[in-house]
Amino acid sequence: MKISVEVSYYPLKVEYIPHIKGFIERMNAYKNLQVNTNTMSTQIFGEYMDVMDALKNEIHKSFDLPHSIFVFKIINADLRPK
C-alpha cells in the first residue's frame, strides 16, 4: 500500500536548524522513498512499511535530543505532486 506522510519536526533547542537538516538528510538516504521538503514540512512518499520503518528509525535517533516534537499527517494514498 502506498502512503503519503507530511511531517514537521520541532526540536526545542536554541540551535534547531542542524537537527532538522540532519533528520531530512537521513530521510533522503532511503532510496526507496521520495522525500520533498519545503519551508513548512517534509513530505515522504512510498510503500507503507518502508516509510514507517524509516520514520521509526529516524525519530528514534532524533529523540536522543531532549524535547523533540514531531507532528504528522498520514494518508493511505500516493499524493506526490505530478
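The values are calculated or read from the model by the stated rules, or taken from the named source; none is laboratory data. In this text the structure is predicted, and so the values were computed from the model without any measurement. Here Cβ is always computed from backbone atoms with ideal geometry, including for glycine, and neighbour counts include all displayed protein chains. Remember, those area values only see protein heavy atoms, side chains included, never the ligands or the DNA or RNA. Shrake-Rupley method; radii C 1.70, N 1.55, O 1.52, S 1.80 Å.
For the chain, report the accessible area per residue in Å² (1.4 Å probe, heavy atoms, rounded to an integer).
Values: 5480 Å² over 82 residues.
Value for the chain: 67 Å² per residue.
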Principal-axis tilt of helix 17-28 within the chain, Cα atoms, nearest 10 degrees
30
Calculated from DSSP H runs of 4 or more alone, at -39500 (n - 2.57) each and per residue, what is the 222 nm mean residue ellipticity of the chain, nearest 500?
-10500 deg cm²/dmol
In whole percents, the bins of 5 Å from zero upward hold the Cα-Cα pairs of the chain as 3, 15, 29, 27, 16, 7, 3, 0
Carbon and sulfur together cover what percent of the accessible area of the chain at a 1.4 Å probe radius?
60
Just how large is the dipole of the chain about the Cα centre, in debye to the nearest 20, putting +1 at every Lys and Arg Cβ and -1 at every Asp and Glu Cβ?
140
Run the numbers on the chain and let me know its relative contact order in percent, using alpha-carbon pairs under 8 Å that are six or more apart.
51
Which angle between 0 and 90 degrees, to the nearest 10, do you get for helix 48-62 versus the longest principal axis of the chain when only C-alpha atoms count?
0
For Arg80, placing the label point 7 angstrom along Cα-to-beta-carbon and taking the stretch 28-51, residues whose amide nitrogen sits under 16 Å are 28-38, 42-51
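State the extension gain, in nm to one decimal, for the chain segment bounded by Val71 and Arg26, taking 0.36 nm per residue of separation less the distance between their alpha-carbons. Don't skip to the end; give the middle numbers.
Details: separation 45, 0.36 × 45 = 16.20 nm, distance 1.75 nm.
Result: 14.4 nm gained on full extension.
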